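A.B. asks: Let me begin by handing over the structure; questions about it come next.
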Amino acid sequence: MGESDRERAVEGWIWNENVQPFLALLARYAGCYFDNTDWQAVELGLEATDDEHPDRWYSYPLVGSDHHFEVRLARAVGGNEVSVRVAGTSNPELLLRADTLIAAFATRLVT
């Protein structure tokens with residue numbers, strides 16, 4: 001990933017219970033499939049994260065046939081929120097889609 005790609009990022013937070021559907025939809029935009037094996041890796045990786053310490057974020061690549069995203073995630077200690085940063089693409093439309101997903105998944109899912 002080039003330096004200019006790393007600078008183009010969107011970030012925010014989503015609810016913990018929305019992390020899996022967030023990543024599944026983002027993967028579709030990249031042109032890849034996010035399956036249970038991917039989810040297990042992310043779930044395990046999130047366990048030791050802390051969003052107040054940059055060195056304790058978990059990074060997960062979504063590499064598809066169309067695009068590549070580098071997703072960084074970290075839980076809020078004592079909370080139910082997960083901070084999210086999506087980078088790796090210079091495509092403004094995809095960054096807008098990622099930003100929209102973050103905003104949407106910052107609301108509670110209705111079951």
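The values are calculated or read from the model by the stated rules, or taken from the named source; none is laboratory data. Nothing here was measured: the structure is a model prediction, and the numbers come from that model. Virtual Cβ from ideal backbone geometry, glycine too; neighbours counted across all protein chains shown. Please note that ligands, DNA and RNA were not included when accessible areas were found on the heavy atoms of the full protein model with its side chains. Shrake-Rupley method; radii C 1.70, N 1.55, O 1.52, S 1.80 Å.
A.B. asks: Please tell me the relative contact order of the stretch 32-111 in percent, rounded to the nearest whole number, where contacts are Cα pairs under 8 Å and at least six residues apart.
C.D. replies: So the answer I get is 20 percent.
A.B. asks: Now for a separate question. Considering only protein heavy atoms, what per residue accessible area in square angstrom results for the chain with a 1.4 angstrom probe?
C.D. replies: Result: 57 Å² per residue.
A.B. asks: Once phi is turned into θ = phi - 60°, what whole-Hz ³J(HN,Hα) does the Karplus curve with 6.51, -1.76 and 1.60 give for every residue of the stretch 43-58, x standing for Gly and Pro?
C.D. replies: My calculation for the stretch 43-58 gives 4, 5, x, 6, 4, 9, 8, 8, 5, 8, 10, x, 7, 10, 8, 9 Hz in order.
A.B. asks: Now for a separate question. Counting only protein heavy atoms and a 1.4 Å probe, tell me what percentage of the stretch 48-111's accessible area is made up of carbon and sulfur.
C.D. replies: 53
A.B. asks: Label points 7 Å out from Cα along the Cβ direction at residue 35 and residue 96: separation in nm?
C.D. replies: 3.4
A.B. asks: Would you mind working out the magnitude of the charge dipole of the chain relative to its Cα centre, with +1 at each Lys and Arg C-beta and -1 at each Asp and Glu C-beta, to the nearest 20 Debye?
C.D. replies: On the way: 9 positive and 18 negative charges, 48 e Å.
I would put it at about 220 debye.
A.B. asks: Continuing with this model, one more query. Rounding to the nearest 20 debye, state how big the charge dipole of the stretch 23-76 is about its Cα centre with +1 on each Lys and Arg Cβ and -1 on each Asp and Glu Cβ.
C.D. replies: Dipole of the stretch 23-76, to the nearest 20 debye: 140 debye.
A.B. asks: At 7 Å along Cα-to-Cβ for each site, give me the label-to-label distance between residue 63 and residue 15 in nm.
C.D. replies: 3.4
A.B. asks: Right, another one. How large is ³J(HN,Hα), in whole Hz, for each residue of the stretch 78-91 in order, when computed from phi with the Karplus curve 6.51 cos²θ - 1.76 cosθ + 1.60 and θ = phi - 60°, using x for Gly and Pro?
C.D. replies: Calculated HN-Hα couplings, in order: x, x, 10, 9, 10, 6, 9, 9, 10, 9, x, 10, 9, 6 Hz.
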